[in-house]
Amino acid sequence: ISPTDASVLIAGESGSGKELVAQAIHDRSSRSSGALIAVNCGAIPSDLIESELFGHKKGSFTGAISDQVGQIEAAHKGTLFLDEIGDMPLAMQVKLLRVLQEKSVLPIGSNRPVPVDIRVVAASHRNLEEEIRQERFRADLYYRLNVVPLVVSALRERREEVPALIEHFAQQFAASGTKPLRLSAEFMDIMQAYDWPGNVRELSN
């Protein structure tokens with residue numbers, strides 16, 4: 001799916017590697033020379049998310065001391081990765097849908113839309129279909145994002161990958177000039193028997 005421009009929605013538990021999947025899609029796409037802009041929708045305070053995504057013009061609100069390019073515009077000719085899209089406030093979902101439909105973004109305090117050419121990859125640990133039933137997520141935005149659905153399995157469902165992941169992280173975290181950590185076969189069995197509730201992120205740590 002990487003060579004296409006289709007929107008992708010990645011489902012999976014926290015820490016299962018959804019952002020790495022998004023990075024791999026971007027790296028193998030025709031947009032790889034552009035930026036991959038990652039936005040964690042659950043980590044931005046609700047009163048700042050519009051400015052963060054859309055940008056603003058100087059003086060458009062208290063504290064806007066200069067123009068700021070939003071993350072959507074920064075992803076022009078690249079990929080916009082919206083992590084934890086299920087945490088986005090409903091009011092922002094409406095505005096994001098308009099951006100995707102019109103392929104332009106209107107910074108706060110501006111009356112001139114800025115054209116944007118982006119591919120959207122979104123991810124959520126929430127069950128978005130259930131969020132729609134609870135009226136916490138817009139169905140029209142879900143169908144716009146869920147063109148290609150991907151599911152990243154929890155690590156406990158792919159325990160056979162644990163040894164390769166341990167070897168990868170051991171190499172990655174070895175200090176310069178020191179040998180990577182090695183585990184005995186017995187301890188590796190223990191690691192593979194564990195459920196890893198924090199998934200790959202927990203294993204990495």
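For the pair residue 174 and residue 112 in one chain, pulling the backbone fully straight at 0.36 nm per residue adds 17.3 nm over the alpha carbon distance. Scaled against the 2.2 N^0.38 Å expected of a compact globular protein of N residues, the Cα radius of gyration of segment 1-54 reads 1.30. Just how many % of Cα pairs in segment 50-118 lie over 18 Å apart, if you round to the nearest whole percent? Value for segment 50-118: 35 percent of Cα pairs lie more than 18 Å apart. Here the ratio of the Cα radius of gyration of segment 113-205 to 2.2 N^0.38 Å is 1.58. Sorting the segments 36-43, 7-14, 178-185 by their residues' average number of neighbouring beta-carbon atoms within 10 angstrom, most packed first, yields 7-14, 36-43, 178-185.
Listed by chain and number, the lysines placed with their C-alpha closer than 24 angstrom to that of residue 77 are 18, 57, 95, 103; residues fewer than eight positions away on the same chain are left out.
For the chain, the square roots of the Cα gyration tensor eigenvalues, ordered a ≥ b ≥ c, give a/c of at least 1.5 with a/b greater than b/c, which places it in the prolate category.
Carbon-plus-sulfur fraction of the accessible area of the chain, 1.4 Å probe, in percent? Percent of accessible area from carbon and sulfur atoms in the chain: 51.
The residue among 82, 93, 105 whose Cα reaches farthest toward the positive pole of the charge dipole of segment 55-109, with charges on the beta-carbon of Lys, Arg, Asp and Glu, is 105.
Were the residues from residue 189 through residue 1 laid out at 0.36 nm apart, the gain over their Cα-Cα distance would be 64.2 nm. Expressed to the nearest 5 percent, the antiparallel share of DSSP beta bridges inside segment 46-199 is 45 percent.
Considering segment 90-150 at the alpha-carbon level, its Rg and Dmax are found to be 13.0, 37 Å.
The figure for residue 189 is an accessible area of roughly 100 square angstrom, using a 1.4 Å probe on the protein chains alone. Rounded to the nearest 10 degrees, the inclination of helix 90-102 to the longest alpha-carbon principal axis of the chain is 80 degrees. Take every pair of alpha-carbon atoms less than 8 Å apart whose residues are at least six positions apart; their mean separation over the length of segment 1-135 yields a relative contact order of 33 percent.
Lys/Arg Cβ at +1, Asp/Glu Cβ at -1, dipole of segment 73-205 taken about the Cα centre: which of 185, 134, 173 is farthest positive-ward? Comparing the listed Cα positions along the dipole, 134 ranks first. Modelled spin-label separation between residue 153 and residue 27, with each label point placed 7 Å from Cα along the Cα-to-Cβ direction: 2.2 nm. If the chain linking residue 129 and residue 66 were pulled fully straight, counting 0.36 nm for each residue of separation and taking away their Cα-Cα distance, it would gain 18.7 nm.
In angstrom, the C-alpha Rg and Dmax of segment 161-205 are 10.9, 33. Exposure check, 1.4 Å probe, all protein chains in place: residue 152 carries approximately 20 Å² of accessible surface.
The values are calculated or read from the model by the stated rules, or taken from the named source; none is laboratory data. All figures in this text were calculated on a predicted structure; none of them were measured in a lab. Here Cβ is always computed from backbone atoms with ideal geometry, including for glycine, and neighbour counts include all displayed protein chains. Quick note on the areas: whole protein, heavy atoms, side chains included, nothing else; ligands and nucleic acids left out. Shrake-Rupley method; radii C 1.70, N 1.55, O 1.52, S 1.80 Å.
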